[in-house]
């Protein structure tokens, strides 16, 4: 694996570590203030401030001018992240962070395989070979074993 791939893997590992932490923190905030939805709004406000700061510091604010010409379906990603944050904030305190994240990971494995197989949403197509399918099967089996243990 090249150095760029190692950097990308490290960033995604950190993002993966952050997902259950995000779930636990926001679930706790939602429980403490009595509203998972309000906790989600707070999370998005803080996230927006952080993203705007990075955009300004990186000098990429001019890219916003190209938004009007983009296909509308690309903006569904915002609804998907809102659904994730609101659902994990509501479900995690009632179902457990581990259980909630288990099903999130299961959904990610299934959808990532479909996106790669068919090259959906402009992604690079990577056929679902027997080896990849076996690896996905092992990941799913591992997820189930972790939850049972």
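No value in this document is a laboratory result; all are computed from the given coordinates. Keep in mind the model is a prediction, meaning the values are calculated, not measured. Note that each Cβ is placed from the backbone with ideal geometry, even for glycine, and that neighbours are counted across all protein chains shown.
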Ranked from fewest to most other Cβ atoms within 10 Å of their own Cβ, 58, 31 fall in the order 58, 31
What is the calculated FRET efficiency for residue 117 to residue 9, with r their C-beta to C-beta distance and R₀ = 25 Å, to the nearest 0.05?
-> 0.70
Dividing the helical contributions, -39500 (n - 2.57) per DSSP H run of n ≥ 4, by the residues of the chain yields a 222 nm value, nearest 500 deg cm²/dmol, of -27000 deg cm²/dmol
Would you work out if the range 54-143 is rounded, prolate or oblate? Take a ≥ b ≥ c from the square roots of the eigenvalues of the alpha-carbon gyration tensor; rounded if a/c is under 1.5, else prolate when a/b is larger than b/c, oblate otherwise.
-> oblate
Cα atoms only, the range 1-87: Rg and Dmax in Å?
-> 16.0, 47
Between the range 98-122 and the range 23-73, what is the C-alpha centre distance in whole Å?
-> 22
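Take each of the peptides 37-44, 68-75, average the number of other beta-carbon atoms within 10 Å over its residues, and list them starting from the highest.
Going by the mean number of other Cβ atoms within 10 Å, highest first, we get 37-44, 68-75.
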